[in-house]
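Q: The structure that follows is given in the form of structure tokens.
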Amino acid sequence: MPTTHFSGTLIIGAGPSGLMAADILSKAGVAVRIYEAMPTPGRKFLMAGRGGLNITHSEALDAFVQRYGDHSSLLKPLLNRFGPNDIINWMDELEQPSFIGSSGRVFPKVMKAAPLLRAWLTRLNQQGVELLTRHRWVDWDDQGGFHIESPEGPQIITADQIILATGGGSWKKLGSDGQWVNLLQRQGIQINPLVASNCGFTCEWSNVLRKQHAGTPIKGAVLKSQHSEKKGDLILTHYGLEGGLIYAFSAEIRHALSLNQSAKLTLDLMPDIELAQLIKRIEKPRGRNSFSNHLRKAGIASVKAALVRESYPEIVNDDPFAWAEALKNCPITLTGMRPIDEAISTAGGVPFSELNNDFRLKKKPTVFCAGEMIDWDAPTGGYLLTACFSIGVHIAEAIISSNSEKSKMHSSKT
């Protein structure tokens with residue numbers, strides 16, 4: 001099969017990192033072609049915005065950077081270059097204004113991802129980006145070319161630069177299937193195992209709790225671990241807990257589960273009320289009300305009372321102090337994680353040790369890695385998307401700089 005060379009940058013994967021790299025490169029006059037395995041681009045991006053696209057977060061940048069945990073120092077320069085404010089400005093350029101929600105999260109004013117993606121793809125087309133769907137990278141050839149399966153048949157292609165932006169390993173039906181792992185490993189590139197992140201966690205609930213409260217939100221709680229605490233919302237499910245609040249603890253919980261086969265956290269179910277005030281609420285006379293109704297009238301949701309009974313089965317109804325203490329310190333034991341294909345994102349992938357500072361593979365000098373296929377991790381809340389955008393910008397600007405240096409060298413020789 002003959003090999004075709006593309007004089008420009010070939011991007012494999014039309015997700016946030018790949019599209020952002022294409023945007024920056026094409027604006028600078030670099031020829032860009034994108035191969036996307038799925039029938040349409042940005043499928044996971046669209047799914048993420050189905051209930052409202054949380055694209056970034058408005059908190060101070062120093063605090064924002066710390067959300068990336070062990071990889072904060074590596075990602076900080078990239079986020080300083082292209083961070084939350086830059087994303088807001090970029091959206092404005094696409095005539096997709098944003099707003100900041102009560103939680104500090106940033107959304108498009110239209111809330112959905114589709115209008116933003118349409119405007120973005122229109123601009124990329126106007127800048128000359130060639131987007132080919134149903135083109136899947138399936139292998140390397142002996143000379144390092146990329147074997148692509150396409151509607152026109154198989155082809156081998158090389159390019160001046162190639163950006164791999166193929167996503168992580170969750171949501172296979174949307175294209176993030178992790179099939180690239182074996183392809184890179186066969187080239188001697190180390191890959192850290194893909195693991196679920198931003199996923200649900202299992203608890204050994206009683207049948208009564210499952211039957212009465214599965215699917216019920218737990219609003220305004222504070223979740224505490226050994227190392228941190230955070231306020232937010234959860235959903236009690238038939239298998240355990242899910243939701244943004246517990247996703248923020250994914251890395252810590254995952255580590256605890258690997259060591260101890262369980263992870264112990266504490267919920268403050270009434271964080272906006274001091275213990276003494278809560279005792280006073282509960283000890284008010286309840287008259288003919290059942291104790292459950294008495295708690296409800298005191299502002300304690302039934303799901304929160306049910307969690308207390310689950311954790312403290314011997315608790316006595318008419319003990320205001322015990323109930324207040326239990327509501328402020330409700331222990332939760334997590335026993336496992338949901339499957340990777342249910343996860344919003346994955347950790348693991350290409351370690352930074354396999355990459356140069358410009359995210360170029362050390363063992364493949366013309367190949368870059370972008371986005372979620374790299375081994376970094378972040379909670380939901382706009383942090384995942386922001387880093388993906390930032391990495392795309394970083395790689396694109398590195399390529400532009402390299403091309404400029406090569407052009408100067410060529411000019412000096414001639």
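Any read-out appearing in this document is the output of simple, stated calculations on the displayed coordinates, not a laboratory observation. The shown structure was predicted, so the numbers you read here are calculated from the model rather than taken from an experiment. Counting neighbours? That spans all protein chains shown, and the Cβs are built from the backbone with ideal geometry, glycine included.
Q: Straight-line reach from residue 363: which lysines fall under 23 Å, measuring Cα to Cα and dropping same-chain residues less than 8 apart?
A: Leaving aside lysines fewer than 8 places away in the same chain, those within reach of residue 363 are 406.
Q: I would also like to ask the following. What are the ³J(HN,Hα) couplings of region 282-296, residue after residue, when phi is run through the Karplus curve with 6.51, -1.76, 1.60 and θ = phi - 60°? Round to Hz, x for glycine and proline.
A: Those phi angles translate into 6, 7, 4, x, 9, x, 8, 5, 5, 5, 4, 5, 4, 5, 4 Hz.
Q: Can you list residues from other chains, or at least 5 along the same chain, whose modelled amide H is less than 5 Å from the amide H of residue 376?
A: Those lying under 5 Å, H to H, from residue 376 are 348.
Q: Can you tell me which of 98-109, 380-391, 341-352 comes out highest on packing, and rank the rest after it, using the mean Cβ neighbours within 10 Å?
A: Put in order of decreasing packing, that is 380-391, 341-352, 98-109.
Q: Considering amide H positions built from the backbone, and no H for Pro or chain starts, which residues 5 or more places from residue 203, or on another chain, come under 5 Å of its amide H?
A: Amide H to amide H, under 5 Å and 5 or more residues apart or across chains, residue 203 pairs with 240, 241, 335.
Q: What nm distance separates the two modelled labels at residue 126 and residue 100, each placed 7 Å from Cα along Cα→Cβ?
A: Between residue 126 and residue 100, the label points sit 2.9 nm apart.
Q: Mind checking which of 128, 96, 113 is farthest towards the positive end of region 81-130's charge dipole, using Cβ charges of +1 (Lys, Arg) and -1 (Asp, Glu) about the Cα centre?
A: My answer, from the dipole projection, is 113.
Q: Would you list which aspartates and glutamates come within 17 Å of residue 297, measuring only between C-alpha atoms, while excluding same-chain residues fewer than 8 positions from it?
A: Partners within reach: 272, 283, 318, 319.
Q: Going through region 242-318, which trypsin sites (Lys or Arg not before Pro) have at most 11 other Cβ atoms within 10 Å and a DSSP loop state?
A: Answer by residue number: 288.
Q: Sort 225, 401 so that the residue with the fewest other Cβ atoms within 10 Å of its own Cβ comes first and the one with the most comes last.
A: By the 10 Å Cβ count, ascending: 401, 225.
Q: OK, next. Per q in 0.18, 0.21 1/Å, what log10 I(q)/I(0) does a Debye calculation on the alpha-carbon atoms of region 201-337 return?
A: Scattering profile of region 201-337, log10 relative to I(0): -1.00, -1.31.
Q: Among rounded, prolate and oblate, which fits region 1-124 when a ≥ b ≥ c are the square roots of the eigenvalues of its C-alpha gyration tensor, a/c under 1.5 means rounded, and a/b larger than b/c means prolate?
A: prolate
Q: Additional query: Residues with amide H under 5 Å of residue 332's amide H, sequence separation 5 or more or different chain, H placed in the peptide plane at 1.01 Å from N; which?
A: 265, 266, 267
Q: While we're on this one: Have a look at the chain and give its Rg and Dmax from the Cα atoms, expressed in angstrom.
A: 24.8, 96
Q: Now for a separate question. Karplus couplings for region 31-38 from phi (6.51 cos²θ - 1.76 cosθ + 1.60, θ = phi - 60°), rounded to Hz, Gly and Pro as x?
A: Result, ordered by residue: 5, 10, 10, 10, 9, 10, 5, 7 Hz.
Q: Moving to a separate point now. Under a point-charge model restricted to the Cβ atoms of Lys and Arg (+1) and Asp and Glu (-1), what is the dipole moment magnitude of the chain relative to its Cα centre, in debye to the nearest 20?
A: That gives the chain a dipole magnitude of about 900 debye.
Q: Full-extension gain between residue 31 and residue 335, please, as 0.36 nm times their residue separation minus the C-alpha to C-alpha distance.
A: My answer for the length gained is 104.4 nm.
Q: In whole Hz and in residue order, list the ³J(HN,Hα) couplings for region 236-245 that follow from phi through the Karplus curve 6.51 cos²θ - 1.76 cosθ + 1.60, θ = phi - 60°; x for Gly and Pro.
A: 7, 10, 5, 9, x, 9, 8, x, x, 5
Q: Here's something else I'd like to know. Could you pull out the trypsin sites (Lys or Arg not before Pro) across region 350-414 that fall in loop regions by DSSP (anything but H, G, I, E, B) with no more than 15 other Cβ atoms inside 10 Å?
A: 362, 363
Q: Filter 44/76; 109/230; 219/264; 219/328; 230/328 down to the pairs with a C-alpha to C-alpha distance above 18 Å, please.
A: Cα-Cα > 18 Å for 44/76; 109/230; 219/264; rest within.
Q: Something else now. Quick check for me: using +1 on Lys/Arg Cβ and -1 on Asp/Glu Cβ, what's the dipole size of region 201-337 about its Cα centre, in debye to the nearest 20?
A: About 440 debye.
Q: So between residue 142 and residue 230, what do we pick up on full extension, going 0.36 nm a residue minus the alpha carbon distance?
A: Taking residue 142 through residue 230 to full extension adds about 26.6 nm, to one decimal.
Q: Only helical DSSP H runs with n ≥ 4 go in: add -39500 (n - 2.57) per run for the chain, normalise by residue count and round the 222 nm mean residue ellipticity to 500 deg cm²/dmol.
A: Taken over the chain, the calculation gives -10500 deg cm²/dmol.
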